[in-house]
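*Asks:* The structure is given below, and queries will be raised subsequently.
The values are calculated or read from the model by the stated rules, or taken from the named source; none is laboratory data. In this text, all values refer to a predicted model and were calculated from it rather than measured experimentally. All Cβ positions, even for glycine, are placed from backbone atoms using ideal geometry, and neighbour counts span all protein chains on display.
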Amino acid sequence: MQYKTAYIATTDNGLAEELETCNLPGVEVLTRLTGAVSAEQVFQFIIHLSSAVAVGVFARWIYEKIINRDPKKTTINSQQIINNLTQITIIINGDIQKKEE
């Protein structure tokens, strides 16, 4: 089965908690590791997406989570995000690593 992987890093505690409890079909969220940068803790996640539909659902979900937050606190695939669904989807799809099980 082919799947896609995206990497999310955030210093937003609330977003990190929501990612940890994310329960979307076709989306698997794994905690990668955490570290401290200055006084802020950085939460890192590996997101496995099973299909193009899962990418779309996850992009919409994360967009809804960050729309009222500071997007400067979160990166996807090492790219700074903005409050824009299209841009989030492009980041996820653009740097995606395709793997086969």
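*Asks:* Starting from segment 45-60, take each residue that is among the hydroxyl-bearing types (Ser, Thr, Tyr) and list its partners that are modelled with pLDDT of 90 or more and buried (at least 16 other Cβ atoms within 10 Å of the Cβ), counting only C-beta distances under 9 angstrom and pairs at least six apart or across chains.
*Replies:* 50/26; 50/27; 51/26
*Asks:* Say we look at segment 1-17 and pick out the residues that are of a type in the set (D, E, K, R) and surrounded by 16 or more Cβ atoms within 10 Å (Cβ to Cβ); which of these is modelled with the highest pLDDT?
*Replies:* We begin by selecting, within segment 1-17, every residue of a type in the set (D, E, K, R); these are 4, 12, 17.
This time we only want the ones that are surrounded by 16 or more Cβ atoms within 10 Å (Cβ to Cβ), so: 4, 12.
Details: 4: 84, 12: 90.
Going through the qualifying residues, I end up with 12.
*Asks:* Taking segment 75-95 only, how many residues are in a loop (DSSP other than H, G, I, E, B) and crowded, with 16+ Cβ neighbours inside 10 Å?
*Replies:* We begin by selecting, within segment 75-95, every residue in a loop (DSSP other than H, G, I, E, B); these are 77-78, 81-84, 95.
Filter once more, so that each one left must be crowded, with 16+ Cβ neighbours inside 10 Å: 77, 81.
Total satisfying the criteria: 2.
*Asks:* From the residues in segment 37-74 that are polar (S, T, N, Q) and not in a loop (DSSP other than H, G, I, E, B), which one is surrounded by the fewest Cβ atoms within 10 Å (Cβ to Cβ)?
*Replies:* Checking each candidate, the answer is 41.
*Asks:* Select from segment 31-50 the residues that are at pLDDT below 90 and out of contact with any Ser or Thr (no Cβ under 8 Å at 6 or more places or on another chain) and list them in ascending order.
*Replies:* 31, 32, 33, 34, 35, 36, 38, 39
*Asks:* Can we say residue 62 is among the β-branched types (Val, Ile, Thr) and at pLDDT below 90? I'd like the intermediate steps shown before the answer.
*Replies:* On the way: among the β-branched types (Val, Ile, Thr): yes; at pLDDT below 90: no.
No: the conditions fail for residue 62.
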